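The values are calculated or read from the model by the stated rules, or taken from the named source; none is laboratory data. Keep in mind the model is a prediction, meaning the values are calculated, not measured. Cβ coordinates were reconstructed from backbone atoms using ideal geometry, including for glycine residues, and neighbour counts include every protein chain displayed. Accessible surface is based on the protein model in full, side chains and every heavy atom, while ligands, DNA and RNA are left aside. Shrake-Rupley method; radii C 1.70, N 1.55, O 1.52, S 1.80 Å.
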Number of protein chains: 2
Amino acid sequence: MPGPETQRLFDTAKALQIGFYLGYAELAHEDGQLRRFNTAITVDKAGKIIAKYRKIHLPGHKEHEPWRRFQHLEKRYFETGNLGFTAFQADWGHAKQGVFGMAICNDRRWPETYRVLGLQAVEMIFIGYNTPVHNPPAPEHDALSNFHNELVMQAGAYQNGTWVVGVAKAGTEEGVEQIGNSIIVAPSGEIVGACTTLGDELAIARCDLDLCNSYKNTTFNFARHREPEQYRMIVERKGAIAPEGD
Amino acid sequence: MPGPETQRLFDTAKALQIGFYLGYAELAHEDGQLRRFNTAITVDKAGKIIAKYRKIHLPGHKEHEPWRRFQHLEKRYFETGNLGFTAFQADWGHAKQGVFGMAICNDRRWPETYRVLGLQAVEMIFIGYNTPVHNPPAPEHDALSNFHNELVMQAGAYQNGTWVVGVAKAGTEEGVEQIGNSIIVAPSGEIVGACTTLGDELAIARCDLDLCNSYKNTTFNFARHREPEQYRMIVERKGAIAPEGD
């Protein structure tokens, strides 16, 4: 990366002095093995890759399930990301550096994603997603796809006092309809920019990173208000276990 | 508890066969000390206290800050709850027991509250709150009070596949205006019942606990999809620490 297909993207962005986030299927040679990750990178205005993230929350299933209209085999083809939810400083040519983070698709539904980045003082999280409208095991969720998409990013932004930029690959791919609903969310949780079609579209917002302070220094002043000792179950338990009855 | 002021509430609820949740300032004699907690109890249809919770996320400040129009001294007068976020089985006279949990006021803004209860397979969380409209250190949040109130409870419900019932003490108390916006949230994150005034009001919804399964068994099947190893920072770090710059 960049390879022959993406070099032009890097060149054009550099010529226009625009940084970007790009998601791709990564083939890595690591520890003497060929490994596959669902990966995203952030590229600065000079065309330099400044951060890499490998998706942690792989959704779906591992085996072929013929009853589904389409398969969602991320758990089969990818390994769980091994780079952590790592925030990074980046300089976009302004007076002050900012703290940025990345997530991919299903990561955005998990509050832990935002919190681990929030604990690194993140000020803007980039999230790309390809989300089918249809959820085969729970078709009753279909009509709520955009609502859920907005809900998780708005809550993640507010609860961590950070900007969240969620960008969809929208429309139909290989016969699978995917949601659009790309949004730019302020640290208040308010949506301040959005795409409204399923075609190519550009959403623009002025994102002042200093607006994060209004939340990070008050309601979500973690150093004053968090109670980590009470959260141990979050790391000590994977699945849910009901309490004993009488 | 019940004391002279609350006995009538217990008696009436028992006569009507209605369970309830009640928040109060608790004076406890424990470990040879007089201790104060912000506490809530759940009482069953027979008038029996079946669970107690002591508020963990105490908001506000500890010292008198005269510049504020009113003080918010929970951190001064109460100790942090020492009973954990404990879910409990309860039988409301239906065929199946349910798993319930409690939280108080500011707890609802923290995704950890819902997640620790979610990891105990909670199906309904009761939350009482007294929330001033005005946030002295961040008056720019005032106009968003109801939006934030709904956002956190809707996200907590969806992300854990649980009902959330949030009940406000609304209106004006000691010159402080408080929000209303009591809501009943389904495991889908949808609001299915709500109060719309700041006066006494009753919201009713039929809450089928089995609707939780649609989320607990798919998108939020924790045993399949959570990655606790990646969440360690949530318990190992209290405040936010920014990454090093270049």
Strands (runs of 3 or more DSSP E) wholly inside segment B:50-142 that include at least 3 residues being over 23 Å from B:A186 (Cβ atoms) and within 7 Å of another protein chain (Cβ to nearest Cβ)
none
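Working only within segment A:1-20, note down all residues that are open to solvent by 100 Å² or more (accessible area, probe 1.4 Å) and farther than 23 Å from A:I125 by Cβ.
Once the filter is applied, which keeps residues that are open to solvent by 100 Å² or more (accessible area, probe 1.4 Å) and farther than 23 Å from A:I125 by Cβ, segment A:1-20 yields A:P4, A:E5, A:R8, A:K14, A:L16.
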Which count do you get for residues in segment A:45-78 that are over 19 Å from B:A223 (Cα atoms), under 18 Å from the mean Cα position of the chain (by Cα) and basic (K, R)?
2
Looking for whichever is over 22 Å from B:R54 (Cα atoms), of a type in the set (D, E, K, R) and touching a residue at least 12 places away in the same chain (Cβ under 8 Å) here; the options are B:E123, B:E190. Which one fits?
B:E190
Those residues of segment A:193-208 which are over 18 Å from the mean Cα position of the chain (by Cα) and aliphatic (A, V, I, L, M) amount to A:L198, A:L202, A:I204, A:A205
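Here is a list: B:G23, B:G47. Which entry is among the small types (G, A, S), surrounded by 18 or more Cβ atoms within 10 Å (Cβ to Cβ) and at positive phi? I'd like the intermediate steps shown before the answer.
Details: B:G23 fails: at positive phi.
On inspection, the qualifying residue turns out to be B:G47.
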Taking the condition at pLDDT 95 or above, more than 13 Å from every other protein chain (Cβ to nearest Cβ) and open to solvent by less than 50 Å² (accessible area, probe 1.4 Å), does B:C195 pass?
yes
Right, A:E177: of a type in the set (D, E), away from chain B (no Cβ under 14 Å) and at negative phi or not?
yes
Condition test on B:I183, is it surrounded by 23 or more Cβ atoms within 10 Å (Cβ to Cβ), among the aliphatic types (A, V, I, L, M) and more than 28 Å from B:R224 (Cα to Cα)?
yes
Kindly evaluate B:Y129 against the criterion of being of a type in the set (F, W, Y), surrounded by 19 or more Cβ atoms within 10 Å (Cβ to Cβ) and either touching a His at 6+ places or on another chain (Cβ under 8 Å) or at pLDDT below 95 (or both).
no
Search result, residues across segment B:143-157 that are facing chain A (nearest Cβ under 9 Å) and more than 16 Å from the chain's Cα centre (by Cα):
B:L144, B:F147
Among the residues of segment B:59-103, count how many are aromatic (F, W, Y), more than 19 Å from A:P243 (Cβ to Cβ) and open to solvent by less than 60 Å² (accessible area, probe 1.4 Å).
2
Residue match in segment B:72-85 (condition: free of Cβ contacts under 8 Å to residues at least 24 places away in the same chain and in contact with a Ser or Thr (Cβ under 9 Å, 6 or more places away or on another chain))
no
Filtering segment A:210-235 down to residues that are among the aliphatic types (A, V, I, L, M) and open to solvent by 30 Å² or more (accessible area, probe 1.4 Å), which residue is farthest from B:G161 (Cα to Cα)?
A:L211
Got a sec? Which of B:V152, B:V122, B:V164, B:V176 is of a type in the set (A, V, I, L, M) and surrounded by fewer than 18 Cβ atoms within 10 Å (Cβ to Cβ)?
B:V176
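Is there a residue being within 11 Å of chain B (Cβ to nearest Cβ), free of Cβ contacts under 8 Å to residues at least 24 places away in the same chain and within 20 Å of B:Q154 (Cα to Cα) anywhere in segment A:158-166?
Checking segment A:158-166: not a single residue is within 11 Å of chain B (Cβ to nearest Cβ), free of Cβ contacts under 8 Å to residues at least 24 places away in the same chain and within 20 Å of B:Q154 (Cα to Cα).
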Which one of the conditions (1) at negative phi; (2) open to solvent by less than 60 Å² (accessible area, probe 1.4 Å); (3) at the interface with chain A (Cβ under 7 Å from one of its Cβ atoms) does B:K238 fail to meet, given that it meets all the rest?
(2)
